[in-house]
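Please read the structure below before turning to the comments.
Laboratory data are not the source of any read-out in this text; all were calculated from the coordinates shown. For clarity, every value in this text was computed on a predicted model and none was experimentally measured. Quick reminder, even Gly has a Cβ in these numbers, built from the backbone with ideal geometry, and neighbours come from all protein chains shown.
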Amino acid sequence: MNTHMKSWFDVGSISDIPRRGARCVKTGTMTVAVFRTADDKVFALEDKCPHRNGPLSQGIVHDGCVTCPLHNWVISLETGRAQGADEGATLSFPVRLEGIASSCR
Amino acid sequence: MSREKLVVIGNGMAPGRMLEELFEKAPGLYDVTIFNAEPRVNYDRIMLSPVLSGEKAYEDIIIHGDDWYRDHGVTLHRGARVSGIDRVAKTVTAENGITVSYDRLVIATGSLPFIIPVPGHQLPGVLAYRDLDDVEKMLDIAKNKGKAIVIGAGLLGLEAAYGLKRQGMDVTVVHLMPTIMERQLDPAAAYLLEKALTERGINIITKADTKAILGTTRVEGVELKDGRILDGDMVVMAVGIRPASALAKEAGVAVNRGIVVDDGMMTSDPSIYALGECAEHRGTCYGLVAPLYESARVLADRLCGGSGEYGGSVVNTKLKVTGINLFSAGDFAEGDDREEIVLRDATAGVYKRLVLKNDRIIGAVLYGETADGPWYFDLMKRSVPVTEMRDTLIFGQSYQGGTTLDPRAAVAALPAEAEICGCNGVCKGKIVDTISAKGLTTLDDVRAHTKASASCGSCTGLVEQLMSITLGDAFNPHAVKPMCGCTDLGHSDVRRLIMAKQLKTIPAVMQELEWKTSCGCAKCRPALNYYLVCDWPDEYADDYQSRFINERVHANIQKDGTYSVVPRMWGGMTSSSELRAIADVVDKFEIPAVKVTGGQRIDMLGIRKEDLPAVWADLGKAGFVSGQAYAKGLRTVKTCVGTDWCRFGTQDSTGLGIRIEKFMWGSWTPAKLKMGVSGCPRNCAEATCKDIGVICVDSGFEIHFAGAAGLDIKGTEVLGLVKTEDEALEYIVALTQMYREQGHYLERIYKWAKRTGLDEIRRQIMTDTEKRQGYYERFVLSQKVAQVDPWSERVSGKDKHEFKPMSELKLEAAE
Ligand code: SRM
Ligand SMILES: Cc1cc2nc3c(=O)[nH]c(=O)nc-3n(C[C@H](O)[C@H](O)[C@H](O)COP(=O)(O)OP(=O)(O)OC[C@H]3O[C@@H](n4cnc5c(N)ncnc54)[C@H](O)[C@@H]3O)c2cc1C
Ligand code: SF4
Ligand code: FES
């Protein structure tokens, strides 16, 4: 995937997402979870836990991670990678803030 | 080549262990046949007491399941008592006619309980305490509550008494000697034990000699030699055991008290061995498993050609009565050549006594605090001189400093095959390897993975030492278990500090208590949120983002990301209009599954998150509110039909259940809370395995608590009896509030109660009126803010963002 193949999409305003929470963006082919941390950083991951496809958007957000609601795997918001002893990663997408939250695919 | 035939008579704990060792050392060496008089597989006999008290089920105590016999090609004849051994033909014959020939024979018939031959000893209702059949007979009689008399206050008698008491019987123990358990305890410890048992409601009569058992068609009571008459529906005789050696004797094998064996466990016939309680080794017959397991290992070795020798054992005793800690080992009689060291702590109820001779421990009695038992026992068995640590010896192992005295050195020096946990037969090597391989750091983990110290727990000290040797400083057995990786504080400390420092927000807690992470984690945040909601009901605003998804969207997440919805059906009652409304909702939203739950209500599963508010709106129109099947709060109050319909009902159990549910739903609790109200002791609402339960009786309402029927199974404890429905509600509410204020997050009532002490809870709720009313009022205050139906709130727009995606991209167009 080359950068020039991608374009940015306007997905909404940061104020739509609760702090330490997430909202979903449906793309037609997949659901992307857009997270907002306590310090207003925004990240985007495919809404699919590497373990058994749990919806990460429904998890508890803490520091730079989200805990999956199904079996408590902890996933890094930045890399999409499972933390600790668990192995696996979900897709992650760059996000740009321009007063609005944007995600790219 | 045909294999040698090994026949074993008796399928108890000793031969079970011997065969395990044998199959490990030399799999397939013998063609093995076992005869068992009991109609079952090998189970953990020492765990019969927890089965009797209801703390465990038979399934939990099976040692070898059917698979084990199949996997090792063992033929097991169940319910087949061997009636004769023909040593010339080398065959054994069972009562059911099966005859099998042997090359080598192991007699492991265990012991027979001794029944005092007083008049009436054959009446139905006079029971021994030896096997599962005995336990089942006791439980059967205990169903009708009534009175039990236990003769003999030794280990078995007291465990039986405790179990029967737990089953709701009125229990009296009669004992011949002036103090109880006199073979294991000195009078001081016996006094403390007797006091503790009496406080648990068990009557103990010492210096009481049984003259006769009374009754015509079945037991009605016991007459003592001093003329006293005790009523009883059951008599349990636990006055001692005799080695079961008759079979061997008839076959002409040398028998003294038990079947005489040499150091290789061989009897007078070189093809026949004896093992377990039926054997007599160097003049001693053992009655505890640890020594039997030692000799089992020797016999296994001999059977595969080894030359192992059994040199006899020193034994120790623990009493398996929940909440009573007692350890005794060795010889603790007084004598001129002996010294003793005694420690008493009256407030803590601790008594410790060590008996020394020639600078070595020869006896130990510990009451109240027994953690150091295994350590003393080890020093005793290895005859270690204690001169240098004499001053601090009584304080236990953790007070011993210096390298030479490091008790861990002893454990470190043990060979890998040294057995650490006698109950589960786990050796040192296995524990150490598992700790390293699996990266275990807590005792609970080690128990889960190796079973070491998971049965009677007496080897916990040793297991902790092994953990400390393997993990070094990373292991500290005395450390409080921290809430999570974000803090070193445990739940109790955090709760205490929230009140003491008047902390009222999550950031305040994290700041003041020096959290190590910036905003906590998925373990501590929900816990803190709960503590704050509970402690400051009218000031603290619930932190939505610290709640688990189910509690945020008021439905239960399913494995495919859809949700399930469970409306309340108060006390399990419903109506045609409610059912019709449910049917309509199911059709309208194409809900794929509808199920009657285990909680007397209906679950609709597989609902899309986006549909939740609309589903709730329709349900709300029919009068439904959220059943909070997701909440750490009141879930269900199961009821039975009670006086409304049932011919046995004594009170309006349905009405009371509904009243409790309507009054108590709403406020969050540390973990989920489930209740039940049964209209009579037949208990059709299963109230005696709930967090809180009520059994209605003619004279009022018996309030129960601390039951469990999930990951653990445990019958409830009785809180007390109250006369009116109003009182029942008040006491239940007060109990719930006490739990709300003290429980650790995710700790069910039975675990909290165990930590807090049943008696303390009874005292505060049943006898301390002021305390009770305080709790009641604080619950009512909390309900003011908490009793808001979360569904209707969301139907009217709250948390709208939860149920809708932020945006839907038209990607095809953009690309
Ligand atoms: C629906 C139901 C099964 C059924 O089809 O009957 C059920 C379903 C679940 N139970 Fe249960 N339990 C249900 C009755 C029970 C019962 C029986 C009872 O309540 O009489 C028990 C044993 C009693 C008890 O509570 O301990 C029970 C013991 C558990 C446990 C073990 C709790 C424990 O501390 O031992 C869990 C796990 C937990 O809570 O951590 C659990 C967890 C669950 C969860 C929430 C698992 C999860 O986290 O997703 C299941 C949710 C499914 C759903 O979305 O509805 N469920 N669960 C029952 C709902 C009752 C209701 O009307 O609210
Ligand atoms: C309630 C209770 C609590 C106990 N608590 C403890 C404790 O806390 N700690 C401890 O160390 N010990 C405890 N013990 C003692 C311990 O259970 C025994 O020491 C141990 O079970 C003895 O093992 P065994 O193999 O010799 O005999 P058993 O386990 O008694 O097995 C003998 C088996 O042989 C069968 N049998 C007998 N005759 C025949 C025959 N002719 N043909 C076929 N089968 C026959 C019997 O039916 C029985 O199943 C307790 C015992 C009881 C009853
Ligand atoms: S027992 Fe309960 S938790 Fe387990 S699968 Fe069934 S519903 Fe789920
Ligand atoms: S699906 Fe996420 S932890 Fe299992």
For this session: Collect residues whose amide H, placed 1.01 Å from N in the peptide plane, falls under 5 Å from the amide H of B:ILE362; neighbours closer than 5 in sequence don't count.
Result: B:VAL355, B:LEU356, B:LYS357
For this session: Using only the alpha carbons of the protein assembly as shown, determine the length spanned along each of the three principal axes and report them from longest to shortest in whole angstroms.
Result: 97, 68, 62
Exercise. Taking the alpha-carbon centroid of each part, what is the distance from the stretch B:312-379 to the stretch B:79-158 in angstrom?
Worked result: 33
Exercise. Tell me, what ³J(HN,Hα) does each residue in the stretch B:261-270 have, in order and in whole Hz, if you take phi through Karplus 6.51 cos²θ - 1.76 cosθ + 1.60 with θ = phi - 60° and put x for Gly and Pro?
Worked result: 10, 8, 5, x, 6, 8, 8, 5, 9, x
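Divide by every residue of chain B the summed helix terms, -39500 (n - 2.57) for each DSSP H run of at least 4, and state the resulting mean residue ellipticity at 222 nm, rounded to the nearest 500 deg cm²/dmol.
Working: 28 runs with 264 residues, N = 815.
When only DSSP H runs of four or more count, the value is -9500 deg cm²/dmol.
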Problem set entry | Highest-first arrangement of B:531-539, B:644-652, A:55-63, where packing means the average Cβ count within 10 Å | A:55-63, B:531-539, B:644-652
Problem set entry | Residues of the stretch B:146-175 with amide N under 15 Å of a point placed 7 Å along Cα→Cβ from B:PHE114 | B:151-157, B:175
For this session: Give me the distance in nm between label points sitting 7 Å out from Cα along the Cα-to-Cβ direction at B:ALA333 and B:GLU610, one decimal.
Result: 8.6
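If each residue of separation counts as 0.36 nm, what is the full-extension length gain between B:GLN511 and B:PHE395 once their alpha-carbon separation is subtracted?
Working: separation 116, 0.36 × 116 = 41.76 nm, distance 3.80 nm.
Going from the current span to full extension adds 38.0 nm.
With N set to the number of residues, divide the alpha-carbon radius of gyration of the stretch A:17-104 by 2.2 N^0.38 Å and report two decimals.
Working: Rg = 11.7 Å, N = 88, 2.2 N^0.38 = 12.1 Å.
It is 0.97.
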Seminar exercise, completed: Lys and Arg at +1, Asp and Glu at -1: neighbours of B:ALA279 with Cβ under 15 Å from its Cβ sum to 0
Seminar exercise, completed: Note: B:ASP493 to B:THR769 extended length (0.36 nm per residue) minus current alpha-carbon separation gives 96.6 nm
Seminar exercise, completed: With 0.36 nm assigned to each residue of separation and the Cα-Cα distance removed, B:TRP645 to B:ASP60 gains 206.8 nm
Seminar exercise, completed: Taking placed amide H atoms and a strict 5 Å upper bound, the residues 5 or more places from B:VAL150 or on another chain that come that close are B:THR172, B:VAL173, B:VAL174, B:VAL236
Seminar exercise, completed: Per residue of B:536-546, other chain Cβ atoms within 10 Å number on average 2
Problem set entry | Exposure proxy ranking, count of Cβ atoms within 10 Å, fewest first, for B:HIS704, B:HIS744 | B:HIS744, B:HIS704
Exercise. Going down the list B:LYS147/B:LYS754; B:LYS674/B:LYS723; B:LYS523/B:LYS804; B:LYS690/B:LYS784; B:LYS207/B:LYS771, which pairs span over 30 Å between their C-alpha atoms?
Worked result: B:LYS207/B:LYS771
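Pairs of Cα atoms under 8 Å, at least six residues apart: use those to get the relative contact order of chain B, whole percent.
With pairs under 8 Å counted, the relative contact order is 7 percent.
Once R0 is set to 60 Å, what does the formula 1/(1 + (r/R0)^6) return for the Cβ-Cβ distance between B:ARG682 and B:GLU388, expressed as a FRET efficiency to the nearest 0.05? The partial results should precede the final answer.
Working: r = 64 Å, r/R0 = 1.06.
After rounding, the FRET efficiency stands at 0.40.
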Problem set entry | P(r) weight above 22 Å for the stretch B:126-239, C-alpha pairs, percent | 27
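For B:ILE98, B:ILE420, what ranking results if the residue with the fewest other Cβ atoms within 10 Å of its Cβ goes first?
B:ILE98, B:ILE420
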Exercise. Running Debye on the stretch B:691-815 with equal point scatterers at the Cα sites and no solvent, what base-10 log of I(q)/I(0) appears at q = 0.13 Å⁻¹?
Worked result: -0.65
Exercise. Across peptide A:23-36, how many C-beta atoms of other chains are within 10 Å of each residue C-beta, on average?
Worked result: 4
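As a test, work out the antiparallel percent of DSSP beta bridges whose residues both lie in the stretch B:126-239, rounded to the nearest 5. Don't skip to the answer; put the middle values down first.
Values: 7 of 21 bridges.
The antiparallel fraction comes to roughly 35 percent.
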Seminar exercise, completed: Sorted on mean Cβ neighbours within 10 Å (highest first), peptides B:550-556, B:14-20 come out as B:14-20, B:550-556
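Can you flag which of B:LYS5/B:LYS438; B:LYS451/B:LYS672; B:LYS165/B:LYS751; B:LYS137/B:LYS451; B:LYS225/B:LYS249 are past 32 Å Cα-Cα? Working shown, then result.
Values: B:LYS5/B:LYS438 40 Å; B:LYS451/B:LYS672 28 Å; B:LYS165/B:LYS751 20 Å; B:LYS137/B:LYS451 30 Å; B:LYS225/B:LYS249 35 Å.
From B:LYS5/B:LYS438; B:LYS451/B:LYS672; B:LYS165/B:LYS751; B:LYS137/B:LYS451; B:LYS225/B:LYS249, over 32 Å: B:LYS5/B:LYS438; B:LYS225/B:LYS249.
Using just the Cα positions, wrap chain B in a convex hull and report its mean projected area in square nanometres, one decimal place. The partial results should precede the final answer.
Values: hull surface 179.6 nm².
Averaged projected hull area, Cα only: 44.9 nm².
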Problem set entry | Candidates A:SER76, A:SER13, A:SER92: whichever shows maximal mean-square fluctuation once chain A is modelled as a Gaussian network with Cα springs under 10 Å | A:SER13
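Average projected area of the Cα convex hull of the stretch A:60-100, in nm²?
Orientation-averaged projected area of the Cα hull: 3.5 nm².
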Problem set entry | B:LEU112 long-range amide H proximity, modeled H, under 5 Å | B:ARG242, B:ALA244
Exercise. Mean 1/r over all different Cα pairs, inverted: what Kirkwood radius does the stretch B:550-626 give, in Å?
Worked result: 12.5
Exercise. Once the other residues with Cβ under 14 Å from the Cβ of A:GLY54 are scored (Lys, Arg +1; Asp, Glu -1), what is the net sum?
Worked result: 0
Problem set entry | Label-to-label distance, nm, for residues given as B:ALA500 and B:SER436 (7 Å Cα→Cβ offset) | 4.2
For this session: Output ³J(HN,Hα) for the stretch B:517-531: one whole-Hz value per residue in order, computed from phi by the Karplus curve 6.51 cos²θ - 1.76 cosθ + 1.60 with θ = phi - 60°, and x for Gly and Pro.
Result: 10, 6, 9, x, 8, 6, 8, 7, 5, x, 5, 4, 4, 5, 4
Exercise. Per-residue HN-Hα couplings for the stretch B:637-652, Karplus 6.51 cos²θ - 1.76 cosθ + 1.60 at θ = phi - 60°, whole Hz, x for Gly and Pro?
Worked result: 10, 6, 10, 10, 6, x, 5, 4, 9, 7, 6, 9, x, 9, 9, 7
Problem set entry | Using a Förster distance of 25 Å, the FRET efficiency for B:GLU199-B:LEU224 (Cβ separation, nearest 0.05) | 0.55
Problem set entry | Where labels lie 7 Å past Cα in the beta-carbon direction, separation of A:TRP8 and B:SER577 in nm | 5.7
Problem set entry | Sites B:LYS207 and B:ALA617, calculated FRET efficiency, Cβ-Cβ separation with R0 60 Å, nearest 0.05 | 0.20
Exercise. By the scheme Lys and Arg +1, Asp and Glu -1, what is the net charge of all other residues having a beta-carbon under 11 Å from that of B:GLY774?
Worked result: -1
